[in-house]
Amino acid sequence: MRILRNGPPLSPSSDDKPYNAGLVWFRRDLRVHDNAALWQALRSCHQVHCAFIFDRDILDPLPRADRRVEFIRESLVQLDEALRVLSGHPAGGLIVRHAVARDELPALAQALQVQAVFAAHDDEPGALLRDAAVRDALAAAGIAMHTVKDHVIFERQELLTQAGRPYSVFTPYKRAWLAKVDAFYLRGYPVEAHARSLAPRPLADARPVPTLGEIGFEATNLSALPLPAGSEGGERLFTEFLGRIGRYREAREFPALRGPSYLGVHLRFGTVSIRTLARQAHALAEAGDAGAATWRDELVWRDFYVQVLANFPHVADTAGAPHSFRREYDAIRWEDGPQAQALFAAWCEGRTGYPLVDAAMHQLNETGYMHNRLRMVTASFLCKDLGVDWRWGERYFARQLNDYDLASNNGGWQWASSSGCDAQPYFRIFNPVSQSRKFDPEGKFIRRYLPALGALPAQALHAPWEASPLELQAAGVVLGRDYPRPVVDHAAARERTLLRYAVVRGGPAAAGAA
């Protein structure tokens, strides 16, 4: 089978297949439609089995109530049904196991007597180690392992500078991305045309997707959130977003508005195809839709951070603490000790005394989602107001975010702390009150997540400590009882940050505020 330019062949190959039986290992590509690994397997094998493993190496350290696990489980129910319908076999569908994947996958492949395993690339450090162990175990059993690009449009070293190096600045990367992208890279994989190769499951595995309880987890509030799971949910959200994508450029900045696509978790677990999203966004952008062009830029940012992780793995060193992309920033001395721990706890729990920051953290803790503008504001506040190491915030977001993705999370935190690729200048320090007044002017978002402040007038809501005694009394707010006083003074914290960063810049530069 001849593959051109790391994508679908330009014309169908013959039915001459190199393998009698193969196994598709689903990981972060939980869909049938336009699935690269599934397509490759169907084209290469006379019979194709499909499996997902609830990997205990990943799941065991998690809290027993985790929205992401529930999202995955609900998405697998849809994937199982889609495979069964597509195969036409009553016993068709998905083999689901709960085990340590590096051990279970090779054992399953041998039990099924396949000659090859197919999976999508995953360049996270832990995934690379896992896949290397699986590849070695399969090779020892005489089984091939093929991995293919599916999660992004361009990956690894598909885009390089003129000097032949990976990009570390976004704008030239975007120019290269736009110059290279074409119908070939955006075309989908026609899985459905080859579904006749899907095999029935072995009798022992012809059972429903396990319940949360069967894998040791509890239900969360996911069903009460506007976050439909699976391919059906992703398609529904994308269709709804296309109806308002033209307003995305402006609406995305205001957390009280329905501006974002809300597709982050679907991209994370592959319940939507990045090619489907990028193809439609690119077509609209090229036709002059400014909102679509801005959203396409966000998809390019996603590709950018994935290739940063692949080419500069020190940013997410799993053997120790992640390093700054710009290694000189590792010399920064962050706050430490009990005071830093107390400030961090106040940030995590949404009780810093800055309403926009606190409302954003409540949104994250209650829903597993945080608006992108607020991710920047809260990250800047942790690093540059509280002086707390960005790695602490990165780890907290990793635990809380439904759409947690190592590459994007790491890239975003390093951007906010000025230590990463194409990061904001170290002297650009978000003013949480100015940000609040600009992006939540009427306080609708703050009131939603901080009801104790709901009766304050808009002009007092963004900085309650500046409200008059009469305003506070009329709203029934006693600072220190109903809502905390600020844990730091922003102006003083800003000066400390400029001094803190002097270690890598040789002294504070002319300062600017956002």
Fill in the blank from the handout: For Arg201, Arg485, the accessible-area ranking with a 1.4 Å probe, largest leading, is Arg485, Arg201
Fill in the blank from the handout: With +1 on the Cβ of every Lys and Arg and -1 on the Cβ of every Asp and Glu, the dipole magnitude of the chain about its Cα centre, in debye rounded to the nearest 20, is 800 debye
Practice task
Mind giving me the FRET efficiency for Leu203 and Gln339? R0 is 35 Å, r the Cβ-Cβ distance, nearest 0.05 is fine.
Solution key: 0.05
Handout entry: Cα-based shape type of region 342-428, given that a ≥ b ≥ c are square roots of the gyration tensor eigenvalues and the cut on a/c is 1.5
Key = oblate
Problem - Zone residues, region 140-165, relative to Ala283, backbone N less than 19 Å from point 7 Å out along Cα-to-Cβ - result: 153
Handout entry: Kirkwood hydrodynamic radius of region 300-381, Cα pairs, Å
Key = 15.0 Å
Handout entry: Stretchable slack from Ala474 to Ala141, in nm (0.36 nm times residue separation minus alpha-carbon distance)
Key = 112.4 nm
Completion exercise
Stretched fully, the stretch from Arg196 through Asp489 gains (0.36 nm per residue minus C-alpha distance, one decimal, in nm) 98.9 nm
Completion exercise
Sorting Pro200, Val272, Thr161 by the position of each Cα along the dipole of region 144-291 (Lys, Arg +1; Asp, Glu -1; all at Cβ), the one nearest the positive end of that ordering is Thr161
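Please compute the per residue accessible area over the chain with all protein chains in place, 1.4 Å probe, rounded to a whole number of Å².
41 Å²
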Completion exercise
Counting only protein heavy atoms with a 1.4 Å probe and every protein chain in place, the carbon and sulfur fraction of the accessible surface of region 278-368 in whole percent equals 52 percent
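Below 8 Å between Cα atoms, with a sequence gap of 6+, how large is the relative contact order for the chain in percent?
15 percent
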Fill in the blank from the handout: Taking the square root of 5λ for each eigenvalue of the C-alpha gyration tensor of region 200-358, the equivalent ellipsoid has semi-axes, largest first and in whole angstrom, of 32, 27, 21
Practice task
Report the calculated FRET efficiency for Gln115 and Leu62 (r = Cβ-Cβ distance, R0 = 25 Å), to the nearest 0.05.
Solution key: 0.15
Completion exercise
Expressed as a percent, the accessible surface of region 200-270 that is carbon or sulfur, using a 1.4 Å probe and the full set of protein chains, is 57 percent
Practice task
Set the Förster distance to 41 Å, then compute FRET efficiency between Val169 and Thr211 from the Cβ-Cβ distance, nearest 0.05.
Solution key: 0.30
Handout entry: For the chain, radius of gyration divided by Kirkwood radius, i.e. Rg to Rh on alpha-carbons
Key = 0.99
Completion exercise
A student applying the Cα gyration tensor rule (rounded when a/c is under 1.5; otherwise prolate if a/b is larger than b/c, oblate if not) would label region 275-421 oblate
Fill in the blank from the handout: So, with points 7 Å from each Cα along the Cβ direction, the Asn20-Ala99 label distance in nm works out to 2.2 nm
Handout entry: Gyration tensor verdict on region 69-111 (Cα atoms; rounded if a/c is under 1.5, prolate if a/b is larger than b/c, oblate otherwise)
Key = oblate
Problem - Virtual spin-label span in nm between Phe184 and Asp330, 7 Å along Cα→Cβ - result: 4.0 nm
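The values are calculated or read from the model by the stated rules, or taken from the named source; none is laboratory data. Model, not experiment: these values are computed from the prediction. Here the Cβ is made from the backbone with ideal geometry for all residues, glycine too, and neighbour counts use every protein chain on show. In case anyone asks, the SASA skips ligands and DNA or RNA and just uses the protein heavy atoms, side chains included. Shrake-Rupley method; radii C 1.70, N 1.55, O 1.52, S 1.80 Å.
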